[in-house]
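See structure below.
The values are calculated or read from the model by the stated rules, or taken from the named source; none is laboratory data. The model shown is predicted, which means the values in this text are computed figures rather than measured ones. All Cβ positions, glycine included, derive from the backbone under ideal geometry; neighbour counts span all protein chains shown. Just so you know, the surface numbers come from the protein's heavy atoms only, side chains and all, with ligands and any DNA or RNA stripped out. Shrake-Rupley method; radii C 1.70, N 1.55, O 1.52, S 1.80 Å.
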Amino acid sequence: MTTTQRNVSEQQARQVAEAARESEWRKPSFGKELFLGRFRLDLIDPWPTEQPRPDADEFLRKLGEYVRDEMDGARIERDDRIPDEVFQGLARLGAFGMKIPKEYGGLGLSNLHYCRALTLVGSASASVGALLSAHQSIGVPQPVKVFGTPEQKKAFLPRLAAGEVSAFLLTEPDVGSDPARLGTIAEPVEGGYKLNGVKLWATNGTVATLLVVMARVPEKGITAFVVEGDAEGITVERRNSFLGLRGLENSVTRFHDVFVPEANVIGGLGKGLKIALTTLNTGRLSLPAMCVSAGKRSVAIAREWSVERVQWGRPVGRHEAVAKKIAFIAATTYAMESMLDLCCMIADDDRNDIRIEAALVKLFASEMAWQVADELVQIRGGRGYEKADSMAARGERAAEAEQMLRDLRINRIFEGSTEIMHLLIAREAVDAHLSVAGDIIDPSVSLARKGKAAARAGGFYARWLPTLAVGKGQAPNAYGEFGPLAGHLRYVERASRKLARSTFYAMSRWQGKLERKQGFLGRVVDIGAELFAMSAVCGRARAERDHRPEGLELADLFCRQARLRADALFAALWDNTDSLDVRAAKRVLDGRYAFLEDGVIGDTGGAAWVGAWEAGPATVDDVRRRIPPA
C-alpha cells in the first residue's frame, strides 16, 4: 500500500490545524491589538532595555574572529559542503549550545544575542547560518528545553551543547503545510514505539545525530519524538540539492521499524503540532536574522560600489535611478533590524505574547530582503549577475550579490511560506471576532448556539465599533515626544483603525467565505506588517537619538516608503482582480489556454510530480555524514 495516500477532507485538515494553535491569549500582544484597531504603543515604548551580558559579548567577539579568520564562505559555496573543521570550530566555541541553558553545558544566550550571532555567521556563509538555526530554533534543543522532562534535558541537551547536530523532521513527499495528511506512523510496541515512514527536506538530516520526528500515533494524533540519528532502521537515502544554500545538509530520511523508547516522547501523545507551533513562535526569529545579515552586506556593497563606479561622468550612486535603490536598501535594512531587535527583546523579557509579531517580522523580512538583494544585483549590473569567483579570477573585488539572491529565496518558503504566513497571521488577527461570532458563520452549529453567539457578538461590537471612529491619530499634536516622527505614528494609529474597519466589513460581507479570500487576507496582513515596522523604527530611532541621531533620518525615510506601500494595499483591498484571477486559473488548470504551451520543448520525463513512497526497508545506500568530534 502507498503510505502517502491518506485521504483527509478540507474540514478535517482545518480541525487539525486549529487544534494545534494556541487558543488563549494570556499576555498582551501589540500585533493582536494593532489588527483590532487599537494602537497600543505602550506595549513597545519605551524601547526595551538590552540586558548587559558580558559573557555573550565575549562569545560574539570570539565568534566574529573565527568567522572572519577561519570560515571560508567562498569555499563552502564552491564545494557545496561545510568542512568538518567548521563544525568542529563552532563546537569548540559553543555555537551549537547558544540557546541551551548553562546548567546543561550551553551558553544560555538571549534571543537577542542568539540572533546577533546568526547575523554575524550569515554574513560569511548563509549555509552555516541555516545549519545553526535549524539545529537550535526548530531542532531538538528548543522543544526539549521548553517541553522536555528533566530526564530528557539531562540526556540530550549536554550532547547538543557539546557539538552534536540536530534536525527537525515533519515534511513528507506529499505533506507540506497540511500536517493532517501525515503518513509516518509510530505504532505502540512494548517499551515504546516503532516508526515507519519517509521524511523529505530535513535540514541537517545528513549530519544530525539527534532528530525531532513528527509521527502519527494511532488514536492519539501527531506526536513529537526524540530519535537517535544512528538508530537501527534509519537510512539517509539522499542529500538534496538546492538553488541556494549550497552547503546545506538536507536529506530524504527513511524510517523502517525504528524503535523509539517511550521516554523519548516530547510533551505527551498528540501534542506534536502544538509543540512545533509553540517552538516556532521564537524560532521564526532566526530567519529574519539571516535577512538582516544580507541587508547589511547589501548596504556595504551598494555603498562602496556606487561611490567607485563612474558612468556618464558621475558615480552611479549620484544618479537618481540608482539612488532610489540605495535608499530602499538602507531604509529597509534599518527596519528589518529594528523589528527583529524589538521582537527579541520583548521575547526575552517575556512580557508580551509575540506569536503575531514574530510571524510578521518573518514575513516582512523574508519578502523585503529578497527585494533588497534583487535591487543590489541591479545596482551592480553585469557584475551583480556574475559569480564572485569569476570576478576574483580576473582580479576584481568579489561581491556575492547573485549568491545572496539565491540564498535568500528559500526564506519565503522556509518555516511557513509567505502564503501560509498570510493565513496564519490572518487567523490570529481575527481571533477576537471568531471567539464571539464564529458560531454565527459556522454552518455546522445549531440554531440555539447561533442565538447565543449573536447575543455575545452584539455586546462585543456595541463596545468595539465606536472605538474605530475617532482616535489619537487625529489629534495634530499627538505623539509629539517623537519629534519629526510623530506624524508617522499618527498615520499608524489611523491606519490601524481603518484596517480593523476593513476587516469587520469583509467579515460582514463574506462571513464564512472570508477564509477563501486569500488575496484580501494577504493584503490585510501585509498592511499590518508595514504598520508594525513603522512602529518599530520610530521607537528605536527615538530611543537612540542621543547617540545615533542619523537613525531619525532612516526611520523617517522608511516610514515614507512604507506609507506608500500601505496606501496601495488599502486601495487594493477593494479594487483588485482576485475573482478574475481565480476564474482564469481554473481555466488554465482545465486546459483552456493550453495553446500557450505550444512552440517549446516540453517535459519528456513522465515521472510523478509528487513522488509516492512505500513503507519498508531502504533499497538505496545510506549517505549520512558523520562529523568527527572536535
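Results for (1) part of a loop (DSSP other than H, G, I, E, B); (2) surrounded by fewer than 24 Cβ atoms within 10 Å (Cβ to Cβ); (3) small (Gly, Ala, Ser), shown as yes or no for each residue.
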site	(1), (2), (3)
GLY183	yes, yes, yes
PRO188	no, yes, no
GLY197	no, no, yes
LEU200	no, yes, no
THR223	no, yes, no
VAL226	no, yes, no
LEU245	yes, no, no
> Of the numbered conditions (1) exposed (fewer than 11 other Cβ atoms within 10 Å of the Cβ); (2) in contact (Cβ under 8 Å) with a residue 12 or more places away in the chain, ALA615 satisfies every one except a single condition; which is it?
Replying inline: (1)
> What about VAL299, is it among the hydrophobic types (A, V, I, L, M, F, W, C), open to solvent by 40 Å² or more (accessible area, probe 1.4 Å) and touching a helix residue (DSSP H, G or I) at 6+ places or on another chain (Cβ under 6 Å)?
Replying inline: yes
> Picking from VAL430, VAL361, which residue would you name as being open to solvent by 10 Å² or more (accessible area, probe 1.4 Å), touching a helix residue (DSSP H, G or I) at 6+ places or on another chain (Cβ under 8 Å) and either over 19 Å from GLY73 (Cα atoms) or aliphatic (A, V, I, L, M) (or both)?
Replying inline: VAL430
>> If I ask for residues that are touching a residue at least 60 places away in the same chain (Cβ under 8 Å) and either touching a helix residue (DSSP H, G or I) at 6+ places or on another chain (Cβ under 8 Å) or over 18 Å from ARG40 (Cβ atoms) (or both), which ones from segment 448-466 would you list?
In response: none
>> Quick check on LEU434: is it within 31 Å of the chain's Cα centre (by Cα) and either on the phi > 0 side of the Ramachandran plot or in a helix (DSSP H, G or I) (or both)?
In response: yes
>> Every residue in segment 453-486 that is under 25 Å from SER502 (Cα atoms) and open to solvent by 90 Å² or more (accessible area, probe 1.4 Å), please.
In response: ARG456, ARG463, VAL470, LYS472, GLN474, PRO476
>> Is it the case, given these coordinates, that ALA124 is open to solvent by 10 Å² or more (accessible area, probe 1.4 Å) and either modelled with pLDDT under 95 or under 17 Å from ALA167 (Cβ atoms) (or both)?
In response: no
> How many residues, within segment 101-110, are in contact with a helix residue (DSSP H, G or I) (Cβ under 8 Å, 6 or more places away or on another chain) and either free of Cβ contacts under 8 Å to residues at least 40 places away in the same chain or surrounded by 24 or more Cβ atoms within 10 Å (Cβ to Cβ) (or both)?
Replying inline: 2
> In segment 41-88, what residues are under 28 Å from PRO101 (Cβ atoms), open to solvent by 20 Å² or more (accessible area, probe 1.4 Å) and not in a helix (DSSP H, G or I)?
Replying inline: TRP47, THR49, GLU50, GLN51, PRO52, ARG53
> Does GLU402 satisfy the criteria of being free of Cβ contacts under 8 Å to residues at least 40 places away in the same chain, surrounded by 15 or more Cβ atoms within 10 Å (Cβ to Cβ) and in a helix (DSSP H, G or I)?
Replying inline: yes
> Among the listed residues ARG497, ARG516, ARG523, which satisfies the condition of being of a type in the set (Lys, Arg), under 24 Å from ILE420 (Cα atoms) and touching a residue at least 40 places away in the same chain (Cβ under 8 Å)?
Replying inline: ARG523
>> Conditions first: (1) in a helix (DSSP H, G or I); (2) open to solvent by less than 20 Å² (accessible area, probe 1.4 Å). VAL260 passes all but one, so which condition is the exception?
In response: (1)
> Within segment 426-439, restricting attention to residues that are touching a Lys or Arg at 6+ places or on another chain (Cβ under 9 Å) and in contact (Cβ under 8 Å) with a residue 60 or more places away in the chain, which residue is farthest from ARG284 (Cα to Cα)?
Replying inline: ALA437
> Can you find even one residue in segment 137-151 that is outside any helix (DSSP H, G or I), within 30 Å of ARG75 (Cα to Cα) and open to solvent by less than 20 Å² (accessible area, probe 1.4 Å)?
Replying inline: yes
>> For segment 589-626, which positions are part of a loop (DSSP other than H, G, I, E, B) and of a type in the set (Phe, Trp, Tyr)?
In response: TYR593, TRP609, TRP613
> Of these, PHE520, PHE504, PHE532, PHE558, which one is open to solvent by 10 Å² or more (accessible area, probe 1.4 Å) and not charged (D, E, K, R)?
Replying inline: PHE504
